[in-house]
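Participant: I am attaching a structure below and will ask some questions about it afterwards.
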Amino acid sequence: MNQFQYVRPTKQQAAIDAVTKDPSASFIAGGTNLVDLMKRGIATPQKLVDINRLPLARIDPDPGKLRIGALALNSAVADDKQVRARQPLLAQALNAGASAQLRNMATVGGNMLQRTRCQYFYDTTMPCNKREPGTGCGALEGFNRMHAIFGFSDKCIAVHPSDMSVALVALDATVLVSGPNGDRRIPFADFHRLPGDTPEKDTNLEKGELITAVEVPDGPFTKYVHYQKIRERASYAFALVSVAAALDIENNTIKAARLAMGGVAHKPWRLTAAEQSLVGKPATEESFRQAAEIAMQGAKAFKHNAYKLKMGPNAIVQALRTAASAA
Ligand code: SF4
């Protein structure tokens, strides 16, 4: 691990200034991903700005929305009574992520910023455009079993690993950030990026911008929800494919739907066309299968991940079926 300076400001502006003014500085909160990256020499910040003294851990049940502070722990959010009652899909997705120990350290902001688990990204002897732009992509012709089927480029085919983010994109959340040029709000769907020619950039955050909170608007999705995660073992594994499904059902007719997938793209993958196809339909297997077929349009596999083309639609149907019977 490289040597680094360590500071713990108590004022938000001081934290932002510290990272803005130093090109090599990085925020740290729970450190559950960043410390691993530093140990392996993948991240080499010269200064760590620890933000744990900032008052950003509150969960505020505002009228019409939940405001979740960026430093709220994943376990605290998943266990929060208001979150469980008003956004049960989010609680399910959080509990599907990582291990209990990690959820007790990891923050909401850090969860969104965690980096891909592509094995070539973590192996510094291999080419990787995300770790070192211009070196190539080891996964393109390599062992790409965990990789993307949507939205990839010839520069990078990695997937985003967060479960929480799949629920947040489905629930139309908004990310609140504060930076050297003031405050701004980013729709969750625009927070993460597709790789394009710049896979080294995971998000649309600017240098020095600090996530302060996530807002999740109230909606009708309090009963018929399910987070389906398919992984290689029962706990502490990243998704091969995951699906966040939320339905508003009245008299067996779907009034509104939300669907998103994880483990399939460089960002949480919202399925708006499939959602629209469900509105007005009966909550039946046939409707779910049609939605899954629409959702998978445009998917393309690589040598080792063709199984996702079959697992994807099956997971969508399973998630919708379970959501529809969840109440
Ligand atoms: Fe690197 Fe992306 Fe290729 Fe993985 S898929 S080796 S992260 S460029």
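The values are calculated or read from the model by the stated rules, or taken from the named source; none is laboratory data. Just so we're clear, the structure is a prediction, and the values are computed from it rather than from any experiment. Methodologically, a virtual Cβ is constructed for each residue, glycine included, from the backbone with ideal geometry; neighbour enumeration extends over all protein chains shown. Accessible surface areas use protein heavy atoms only, side chains included; no ligands, DNA or RNA. Shrake-Rupley method; radii C 1.70, N 1.55, O 1.52, S 1.80 Å.
Participant: Residues to consider are L89, L140, L94, L102; find the one that is closer than 16 Å to A239 by Cβ, surrounded by fewer than 22 Cβ atoms within 10 Å (Cβ to Cβ) and either among the hydrophobic types (A, V, I, L, M, F, W, C) or in contact with a strand residue (DSSP E or B) (Cβ under 7 Å, 6 or more places away or on another chain) (or both). Can you show your working first?
Facilitator: Values: L89 fails: surrounded by fewer than 22 Cβ atoms within 10 Å (Cβ to Cβ); L140 fails: closer than 16 Å to A239 by Cβ; L94 fails: surrounded by fewer than 22 Cβ atoms within 10 Å (Cβ to Cβ).
Sole residue among the options that is closer than 16 Å to A239 by Cβ, surrounded by fewer than 22 Cβ atoms within 10 Å (Cβ to Cβ) and either among the hydrophobic types (A, V, I, L, M, F, W, C) or in contact with a strand residue (DSSP E or B) (Cβ under 7 Å, 6 or more places away or on another chain) (or both): L102.
Participant: When you scan the range 153-188, how many residues do you find that are more than 8 Å from the ligand (Cβ to nearest atom) and within 16 Å of the chain's Cα centre (by Cα)? Please lay out each step first, then the result.
Facilitator: Narrowing the range 153-188 to residues more than 8 Å from the ligand (Cβ to nearest atom): 153-154, 159-188.
Those still in the list that are within 16 Å of the chain's Cα centre (by Cα) too: 159-176, 186-188.
Within the range 153-188, residues that are more than 8 Å from the ligand (Cβ to nearest atom) and within 16 Å of the chain's Cα centre (by Cα) number 21.
Participant: Here's another thing I want to ask about it. Yes or no: R145 in contact (Cβ under 8 Å) with a residue 24 or more places away in the chain, within 24 Å of G219 (Cβ to Cβ) and either among the polar types (S, T, N, Q) or more than 9 Å from the ligand (Cβ to nearest atom) (or both)?
Facilitator: Details: in contact (Cβ under 8 Å) with a residue 24 or more places away in the chain: yes; within 24 Å of G219 (Cβ to Cβ): no; either among the polar types (S, T, N, Q) or more than 9 Å from the ligand (Cβ to nearest atom) (or both): yes.
When the stated conditions are applied, R145 does not pass them.
Participant: Also, I was wondering about something else. Take the range 219-254 and flag every residue that is charged (D, E, K, R) and either under 16 Å from the mean Cα position of the chain (by Cα) or over 19 Å from R270 (Cβ atoms) (or both). Working first, answer last.
Facilitator: Filtering the range 219-254 for residues charged (D, E, K, R) gives 223, 229, 231-233, 248, 250.
Of everything in the range 219-254, those that are charged (D, E, K, R) and either under 16 Å from the mean Cα position of the chain (by Cα) or over 19 Å from R270 (Cβ atoms) (or both) turn out to be K223, K229, R231, E232, R233, E250.
Participant: Assuming K201 fulfils every condition listed in (1) under 26 Å from P133 (Cα atoms); (2) touching a residue at least 24 places away in the same chain (Cβ under 8 Å) apart from one, which condition is it?
Facilitator: For K201, the exception is condition (2).
Participant: So in the range 65-82, with the set limited to residues that are more than 20 Å from G30 (Cα to Cα) and in a helix (DSSP H, G or I), which one is least open to solvent (accessible area, probe 1.4 Å)?
Facilitator: Of all residues in the range 65-82, those more than 20 Å from G30 (Cα to Cα) come to 65-66, 81-82.
So of that shortlist, the ones also in a helix (DSSP H, G or I) come out as 81-82.
On the way: K81: 174, Q82: 74 Å².
Per the stated criteria, the residue is Q82.
Participant: Separate question: Kindly establish whether V175 is under 22 Å from N52 (Cα atoms), of a type in the set (A, V, I, L, M, F, W, C) and at pLDDT 95 or above. It would help to see each step written out before you state the result.
Facilitator: Numbers: under 22 Å from N52 (Cα atoms): yes; of a type in the set (A, V, I, L, M, F, W, C): yes; at pLDDT 95 or above: yes.
So V175 fits the description; yes.
Participant: Residue check, N305 against (1) closer than 30 Å to E141 by Cβ; (2) open to solvent by less than 30 Å² (accessible area, probe 1.4 Å); (3) within 20 Å of the chain's Cα centre (by Cα), all met but one. Which one?
Facilitator: Failing condition for N305: (3).
Participant: Has the range 214-227 got any residue that is more than 16 Å from the ligand (Cβ to nearest atom), in contact with a Lys or Arg (Cβ under 9 Å, 6 or more places away or on another chain) and aromatic (F, W, Y)?
Facilitator: Step one: list which residues in the range 214-227 are more than 16 Å from the ligand (Cβ to nearest atom), which gives 214-227.
Now restrict to residues that are in contact with a Lys or Arg (Cβ under 9 Å, 6 or more places away or on another chain): 214-222, 225-226.
With the extra rule that they be aromatic (F, W, Y), the set shrinks to 221.
Yes, the conditions are met somewhere in the range 214-227.
Participant: What tally of residues in the range 105-125 results from selecting those that are more than 7 Å from the ligand (Cβ to nearest atom) and either open to solvent by 20 Å² or more (accessible area, probe 1.4 Å) or not aliphatic (A, V, I, L, M) (or both)?
Facilitator: The first filter runs over the range 105-125 and keeps only residues more than 7 Å from the ligand (Cβ to nearest atom), leaving 105-115, 117, 119, 122-125.
Keeping just the survivors that are either open to solvent by 20 Å² or more (accessible area, probe 1.4 Å) or not aliphatic (A, V, I, L, M) (or both) gives 105, 107, 109-111, 113-115, 117, 119, 122-125.
Final tally of qualifying residues: 14.
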